[in-house]
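Colleague: This is the structure I have questions about; it appears just below.
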Amino acid sequence: MPESTTVEPGGAADPGVLRQAAWDASPIIVSGFAFGLVFGLLSVRNGVSPLAATLMSALVFAGASQFVAVDFWRQGVQALPVAAITFTTLAVNLRHLLMSATLAPTLRGHRCSVLAAAFSLLLIDETWALSEHRFKQRRASLRYFLACGGLIYLGWVGGTFVGTRFGAAIPNPAVWGLDFTFIAMFLSLLILLRKRRSDYAVWLLSAGLAFTLSLLPGLGPLAVFIAAITASAIVAALTGSEAAAPAPAVAPDAPTVSAAVNKENS
Amino acid sequence: MTWLELWAVLLMAGVTYLTRIGGIFLPVDRLQSPFVQRFLANLPAAVLAALIGPKLLGSSDSAVWLAAVVVAVTVWRSRNTLLGVALGTATCAAVRYFSH
């Protein structure tokens, strides 16, 4: 098993790697801060307490799932559907499974517990993409991953905190179109996520199902969950192997595995 | 912050951590099934579409529909989500302002 060859020695800090990480991650740090602002602002407008919003950014650190979760606060903080929020978060973040499965083998020189500690908070679409890209050309380095993740994290949490300060000061959000900002966020993410032609089928089926289910009484936020699972499964079953990415060859002695996930995540 | 909010945040963090470290420990060959791969790949877009569906299809506000088109075209062309969100929100506000 190639151990020390794929991972830099964990001894002295390498300023080159840290500088490179800061440079590579800079656009994401800036937009992360800006989106953190939007998130903090929308959270407070939706009735999330400022502390809970900032804590969510600090503990969860998964943008899309946080925007999705905050939408549930609309029903009032007394009637928070905690189970639905948890399931929906799980559904939105399941893609991380594929990312940790592909990134872990390239950092094989580190113990599983070290990787788990690093991944648990800092593995997001962006740090995964940056690392996968970098580790294809340079030596894999957990330091690089941690530096990218740490900087993006500071921007996201800081932005959220500032946003919650401003959010309460805006008198009538509908006048400013802020009620639409949610739809705009989801729609933007949806379009960015588009990878395959079959995605259109997922969009239409899931949106249509969710709309139909939302007309039924008593289903509430579960409608989103049911529609998403059903639409994903139906389209996955109908699309043949020609539409799918090739399965990655994950074997104990194959250190770099990324083909399939590369195609399916940004 | 209420206790319910704290619980929601902690559970969100918990399930998110599981998805992030799962790939280190899980027998990854389980995920090799093409169906599971496609299912997981479809899921994020499906959740987002399911959230948009009721809001958009159930809305009769022309400002919302127009703004949605602006967002879609902007992000499609520029790949810039922040620009899309900004222009979309501005469009929504402008249409409402002028249609009063």
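Colleague: Out of all the residues in the range A:66-101, which are of a type outside the set (Phe, Trp, Tyr), part of a helix (DSSP H, G or I), more than 7 Å from chain B (Cβ to nearest Cβ) and touching a helix residue (DSSP H, G or I) at 6+ places or on another chain (Cβ under 7 Å)? Steps first, answer last, please.
Modeller: Going residue by residue through the range A:66-101, those that are of a type outside the set (Phe, Trp, Tyr) are A:66, A:68-71, A:74-86, A:88-101.
Among the residues that remain, those that are also part of a helix (DSSP H, G or I) are: A:66, A:68-71, A:74-75, A:77-79, A:82-86, A:88-93, A:95-101.
From the residues that got through so far, the ones that are more than 7 Å from chain B (Cβ to nearest Cβ) too are A:66, A:70, A:74-75, A:78-79, A:83-84.
Within the range A:66-101, A:66, A:70, A:84 meet the criteria.
Colleague: Right, next: Select from the range B:45-81 the residues that are facing chain A (nearest Cβ under 8 Å) and surrounded by fewer than 16 Cβ atoms within 10 Å (Cβ to Cβ) and list them in ascending order.
Modeller: Listed by number, the residues that qualify are B:57, B:58, B:76, B:79.
Colleague: Which condition number does residue A:150 fail, the rest of (1) without any contact (Cβ under 8 Å) to a residue 40 or more places away in the chain; (2) buried (at least 24 other Cβ atoms within 10 Å of the Cβ) being met?
Modeller: (2)
Colleague: Of all residues in the range A:73-125, which are among the hydroxyl-bearing types (Ser, Thr, Tyr) and at pLDDT 85 or above? First the steps, then the outcome.
Modeller: Filtering the range A:73-125 down to residues among the hydroxyl-bearing types (Ser, Thr, Tyr) leaves A:86, A:88-89, A:100, A:102, A:106, A:113, A:120.
Listed by number, the residues that qualify are A:86, A:88, A:89, A:100, A:106, A:113, A:120.
Colleague: Could you list, in sequence order, all residues of the range A:105-125 that are closer than 11 Å to residue A:145 by Cβ and assigned to a helix (DSSP H, G or I)?
Modeller: Residues satisfying the conditions are A:106, A:115, A:118, A:119, A:122.
Colleague: Need the failing condition index for residue B:37 against (1) open to solvent by 20 Å² or more (accessible area, probe 1.4 Å); (2) out of contact with any Phe, Trp or Tyr (no Cβ under 8 Å at 6 or more places or on another chain); (3) of a type outside the set (Val, Ile, Thr), just the number.
Modeller: All conditions are met except number (1).
Colleague: Further question on the same structure: Cβ-Cβ below 8 Å, separation at least six or inter-chain, first residue in the range B:74-100 and part of a helix (DSSP H, G or I), second of a type in the set (S, T, N, Q) and loosely packed, with under 15 Cβ neighbours inside 10 Å: which pairs?
Modeller: Pairs found: B:84/B:78; B:95/B:62.
Colleague: Could you please let me know if residue B:15 is hydrophobic (A, V, I, L, M, F, W, C), facing chain A (nearest Cβ under 7 Å), in contact with a Ser or Thr (Cβ under 9 Å, 6 or more places away or on another chain) and open to solvent by 10 Å² or more (accessible area, probe 1.4 Å)?
Modeller: Working: hydrophobic (A, V, I, L, M, F, W, C): yes; facing chain A (nearest Cβ under 7 Å): yes; in contact with a Ser or Thr (Cβ under 9 Å, 6 or more places away or on another chain): yes; open to solvent by 10 Å² or more (accessible area, probe 1.4 Å): yes.
Against the criterion (hydrophobic (A, V, I, L, M, F, W, C), facing chain A (nearest Cβ under 7 Å), in contact with a Ser or Thr (Cβ under 9 Å, 6 or more places away or on another chain) and open to solvent by 10 Å² or more (accessible area, probe 1.4 Å)), residue B:15 qualifies.
The values are calculated or read from the model by the stated rules, or taken from the named source; none is laboratory data. All values derive from a computational prediction rather than experimental measurement. As a convention, Cβ positions derive from the backbone with ideal geometry for all residues, glycine included, and neighbour counts pool all protein chains shown. These area figures cover heavy atoms from the full protein model, side chains too; ligands, DNA and RNA do not enter into them. Shrake-Rupley method; radii C 1.70, N 1.55, O 1.52, S 1.80 Å.
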